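Here the structure is laid out as structure tokens; the discussion comes afterwards.
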Amino acid sequence: MASADENYVRIFDTTLRDGEQSPGATLTAAEKLEVARALSRLGVDIIEAGFPAASPDDHAAVSAIAAEVGVLPGAGPGQGKTGEPPVICALARASREDIDAAWEAIKHAAHPRIHTFLATSELHMKHKLGMTHAQVVERVRTSVLRARSLCDDVEFSPEDAGRSDPAFLYEVLDEAIRAGATTVNIPDTVGYTLPDEYGALIAGIVERVPGIDRVTVSVHCHDDLGLATANTLAGLKAGARQAEVAVNGIGERAGNCALEEVVMALHTRYWLLGLKTGIDTTQLVRLSRLVSTCTGMVVQPNKAIVGANAFSHEAGIHQDGMLKHEQTYEIMQPETVGAGKTQLVLGKHSGRHAFKLRMAELGFPLDEGELEIAFARFKRVADRKKTVVDADLSALVTTDLRQRCEYWVLEDLQVGCGTLGMPTASVRLRGPDGASRVRAAVGTGPVDAAYRAIDELVQRPSTLLEYAVHAVTEGIDALGEVSVRIRSDEEPRIWHGHGADTDIIVASVKAYLAAVNRMLTSLDARRPSHLISEARGET
Ligand code: KIV
Ligand code: ZN
């Protein structure tokens with residue numbers, strides 16, 4: 001399924017699959033849908049929506065994305081700005097059960113794709129799979145055949161290709177293509193290769209694998225040595241025409257190749273590389289923020305393209321140069337990636353209609369119930385803050401609206417702190433049984449005190465691993481956005497939460513409660529119901 005334009009690079013986004021494998025980055029189904037809508041608006045060609053065989057939740061989220069984003073106009077498949085829905089892809093191990101589950105989840109999309117994989121490095125085949133070369137080749141053949149019997153668009157990945165013997169890789173890819181694969185993806189699963197080496201691997205495949213000209217060659221690079229973007233570009237220069245990427249570079253361990261970095265490298269150095277994508281670059285910063293709030297993975301300030309400092313100039317000599325000519329120290333315009341000046345969009349006199357319209361433009365279509373809550377929240381913020389800009393609106397939706405859950409709800413919070421006394425917090429929560437309960441606690445600071453009070457009310461112990469606060473916009477009246485990560489003492493898994501408010505103690509409590517609620521939702525989903533009632537204090 002090669003693209004008609006040989007210089008067109010398909011962007012395959014795996015934020016919701018490989019990206020979501022980052023520890024603690026678990027998204028709710030509503031958040032996944034939100035991110036998928038934003039990816040479609042951005043113009044990605046393929047959305048890898050998840051791994052349906054992994055859990056019923058993942059299956060349901062992929063189905064919901066296929067049924068909504070997979071049928072609405074987008075930029076797919078593969079030509080940029082076609083008005084067609086993007087391809088919706090689901091991952092499957094090389095087994096009939098996984099492949100069938102993937103198909104079930106994506107079959108309602110206009111352009112479904114099954115992505116199946118099997119490891120081909122000596123290390124993985126011997127120690128992980130316990131399979132011989134011949135068995136691997138045979139499993140690839142039967143898996144791709146099975147996938148093709150269900151779906152016209154099938155991608156095959158030889159996992160750990162970066163450390164596989166090239167001659168064996170050619171044999172496996174040949175088999176996959178003969179069985180009907182339409183895309184072959186070459187993962188540097190452990191981020192081991194160097195750019196020249198990875199480029200040569202792709203060049204070898206393009207040159208030697210029979211039938212390779214009939215399929216799309218794809219690159220998939222992890223960032224363990226900080227080389228994911230360099231390797232991806234080397235692969236594209238060597239002939240690959242699909243790049244697998246994740247927003248903000250999130251993913252297993254050190255992460256995946258960052259979508260924004262590859263897209264902007266191709267955009268900025270077009271005259272050198274001659275390769276293009278269908279991405280609307282002006283949406284990159286907004287999407288980065290959405291993914292950061294939904295996953296709780298804070299973007300470092302000096303992150304290329306989307307970091308808070310990516311377009312700031314501090315040194316006097318740089319500022320002087322910029323004043324004389326902006327290209328002295330700027331290779332991209334901030335507006336190109338959507339990092340231009342924040343626009344004033346709404347104020348306290350804005351009405352429901354304008355609010356609803358702006359939210360839809362930002363990619364947050366609200367139903368009547370959601371509009372009710374979000375508008376009331378917006379009014380409260382607009383009363384306290386002179387200007388409410390896009391970043392504030394996204395923060396409100398991704399925190400207050402999308403994290404709602406029926407466990408513990410914040411009703412009231414009162415803190416006392418300062419240099420004279422002991423920081424104290426009183427917290428009133430409405431519990432899962434509908435009853436309000438109050439606790440007061442003393443801590444090292446007001447946030448610590450509030451968190452202790454919540455722990456006493458919830459009685460499900462966890463450890464706070466990370467607490468980060470940042471201002472959504474500039475100015476003293478800015479919304480403060482807080483992200484936390486906690487680990488349950490019942491099970492060693494990590495959950496995140498975020499909260500936004502003009503009062504950072506309130507934002508901190510909202511973030512903590514969101515993380516606790518996420519934790520309880522997933523812990524209790526796997527417990528017998530009588531234990532859940534006990535834990536909720538209902539018996
Ligand atoms: O890194 C990897 O090998 C993967 C495959 C499943 C494509 O994510
Ligand atoms: Zn990967």
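The values are calculated or read from the model by the stated rules, or taken from the named source; none is laboratory data. Computed from a predicted structure; not experimentally measured. Ideal geometry is used to build each Cβ from the backbone, glycine not excepted, and the neighbour counts take in all protein chains shown. Note: accessible area is taken over every heavy atom of the protein model, side chains too, but ligands, DNA and RNA are not part of it. Shrake-Rupley method; radii C 1.70, N 1.55, O 1.52, S 1.80 Å.
Worth a mention:
- Every test in (1) away from ligand 2 (no atom under 16 Å from the Cβ); (2) over 20 Å from Val306 (Cβ atoms) is passed by Val285 save one, and that test is (2).
- Every listed requirement among (1) open to solvent by 60 Å² or more (accessible area, probe 1.4 Å); (2) on the phi > 0 side of the Ramachandran plot is met by Gly434 save one, (1).
- Candidate set: region 250-268, residues that are open to solvent by 10 Å² or more (accessible area, probe 1.4 Å) and either part of a helix (DSSP H, G or I) or more than 22 Å from Lys32 (Cα to Cα) (or both); chosen: the one farthest from ligand 2 (Cβ to nearest atom): Thr268
- So Ala92, is it modelled with pLDDT of 95 or more and within 16 Å of ligand 2 (Cβ to nearest atom): yes
- Residue check for Ala161: more than 16 Å from ligand 2 (Cβ to nearest atom), within 27 Å of the chain's Cα centre (by Cα), assigned by TED's automatic domain parsing to the domain that holds Thr232 and buried (at least 24 other Cβ atoms within 10 Å of the Cβ): no
- Of all residues in region 1-22 being assigned to a loop (DSSP other than H, G, I, E, B) and open to solvent by less than 10 Å² (accessible area, probe 1.4 Å), the one that is farthest from ligand 2 (Cβ to nearest atom): Val9
- Residues located in region 449-506, provided they are among the acidic types (Asp, Glu) and in a loop (DSSP other than H, G, I, E, B): Glu474, Asp477, Asp489, Glu490, Glu491, Asp503
- Figure legend. Inter-residue proximity from region 269-280: first residues part of a strand (DSSP E or B), second residues open to solvent by less than 80 Å² (accessible area, probe 1.4 Å) and polar (S, T, N, Q), beta-carbon distance below 7 Å, spacing 6+ or different chains. Indicated pairs: Lys276/Asn7.
- Any chance Gly351 is under 26 Å from Leu513 (Cα atoms) and either surrounded by 14 or more Cβ atoms within 10 Å (Cβ to Cβ) or over 28 Å from the mean Cα position of the chain (by Cα) (or both): no
- For Ile505: the one exception among (1) within 20 Å of Gln414 (Cα to Cα); (2) out of contact with any helix residue (DSSP H, G or I) (no Cβ under 8 Å at 6 or more places or on another chain): (2)
- Subset of region 505-519 [out of contact with any Asp or Glu (no Cβ under 9 Å at 6 or more places or on another chain) and surrounded by fewer than 24 Cβ atoms within 10 Å (Cβ to Cβ)]: Ile505, Val506, Arg518
- One residue from Ile99, Ile88 being assigned by TED's automatic domain parsing to the domain that holds Asp224, within 29 Å of the chain's Cα centre (by Cα), closer than 22 Å to Leu39 by Cα and not basic (Lys, Arg): Ile88
- Residue match in region 248-258 (condition: modelled with pLDDT of 95 or more, within 16 Å of ligand 1 (Cβ to nearest atom), within 22 Å of Asp5 (Cα to Cα) and in the same structural domain as Val291 (by TED's automatic domain parsing)): no
- Put simply, of Phe378, Phe364 the only residue that is more than 25 Å from Val69 (Cβ to Cβ) and touching a helix residue (DSSP H, G or I) at 6+ places or on another chain (Cβ under 9 Å) is Phe378.
- Flag if Leu194 is within 15 Å of ligand 2 (Cβ to nearest atom) and over 27 Å from Ala102 (Cα atoms): no
- Any hit, region 23-36, residues being surrounded by fewer than 24 Cβ atoms within 10 Å (Cβ to Cβ), modelled with pLDDT of 95 or more and more than 16 Å from ligand 1 (Cβ to nearest atom): no
- Subset of region 317-338 that is open to solvent by 40 Å² or more (accessible area, probe 1.4 Å) and either closer than 22 Å to Ser40 by Cα or of a type in the set (D, E, K, R) (or both) - its residue that is modelled with the highest pLDDT: Glu335
- Selection count where residues are touching a His at 6+ places or on another chain (Cβ under 9 Å) and either more than 14 Å from His115 (Cα to Cα) or not assigned by TED's automatic domain parsing to the domain that holds His222 (or both), scope region 173-193: 5
- Only listed residue being among the hydrophobic types (A, V, I, L, M, F, W, C), closer than 25 Å to Ala258 by Cα, within 16 Å of ligand 1 (Cβ to nearest atom) and in a helix (DSSP H, G or I), chosen from Ile114, Ile205: Ile205
- Criterion violated by Gly235 - all others in (1) of a type in the set (Gly, Ala, Ser); (2) open to solvent by 10 Å² or more (accessible area, probe 1.4 Å); (3) within 16 Å of ligand 2 (Cβ to nearest atom) satisfied: (2)
- Among the residues listed as Asp152, Asp196, Asp213, the single one being surrounded by fewer than 17 Cβ atoms within 10 Å (Cβ to Cβ), of a type outside the set (Ser, Thr, Tyr), over 19 Å from Gly239 (Cβ atoms) and away from ligand 1 (no atom under 16 Å from the Cβ): Asp152
- Cβ-Cβ under 6 Å pairs, at least 6 apart or on other chains, region 479-504 side over 16 Å from Thr28 (Cβ atoms), far side crowded, with 19+ Cβ neighbours inside 10 Å and acidic (Asp, Glu): Leu479/Asp392; Ala500/Glu481
- Residues of region 44-83 that turn out to be at pLDDT below 95 and either open to solvent by less than 10 Å² (accessible area, probe 1.4 Å) or over 19 Å from Ile114 (Cα atoms) (or both), as a count: 11
- Any hit, region 123-144, residues being within 16 Å of ligand 2 (Cβ to nearest atom), crowded, with 22+ Cβ neighbours inside 10 Å and in the same structural domain as Gln242 (by TED's automatic domain parsing): no
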